[in-house]
Amino acid sequence: MPNALWIWDVARLRQVALIVQQQAISSVHWSPTRGGSGGSSSMLAFATGGGHLYLWASDDGDGDDGFGASGSGSGGMCEAVEVPAAGFAVQQVRWSACGAALALMDRDKFLVSFVVEDEGEVEGNSGVVDGVYFDG
């Protein structure tokens with residue numbers, strides 16, 4: 001499995017971001033509702049088989065990187081979010097059809113997490129901050 005995630009803007013034929021992980025990337029999934037027309041930034045979730053979920057949000061040109069922080073227009077921002085379940089290793093990620101929730105899957109368990117986008121959230125506490133743990 002690859003350790004590098006190359007993100008390209010195929011409409012402009014240019015590389016947007018290159019994310020290099022120490023562990024191999026096991027799963028990548030685009031948000032079904034973010035991006036495209038309407039000016040909202042794109043969001044990508046990926047996992048490496050460890051205790052973190054990784055989210056990448058593009059900079060849509062308005063200075064907002066999708067996580068509530070102002071960006072420089074240099075290709076967005078990647079954020080690592082620790083999974084709040086001991087011993088949970090994220091093997092796969094899948095967005096819900098509405099794009100509001102993520103299913104994080106271990107070998108025999110899963111966790112449902114929700115993306116919270118609130119203007120009043122505490123700095124450093126953005127991205128996936130709420131989750132429900134289910135033991136299979």
Worksheet item: Using 0.36 nm per residue, how much length does the chain from residue 11 to residue 98 gain when fully extended, once their Cα-Cα distance is taken away?
Response: 28.8 nm
Worksheet entry | Mean Cβ neighbour count within 10 Å, used as a protection proxy, ranking 5-15, 22-32 highest first | 22-32, 5-15
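Read-outs: derived from the displayed coordinates by stated rules, not from any lab. Because the structure is a prediction, the values reported are computed rather than measured. Positions of Cβ are generated from backbone atoms using ideal geometry, with glycine treated the same way; all protein chains shown enter the neighbour counts.
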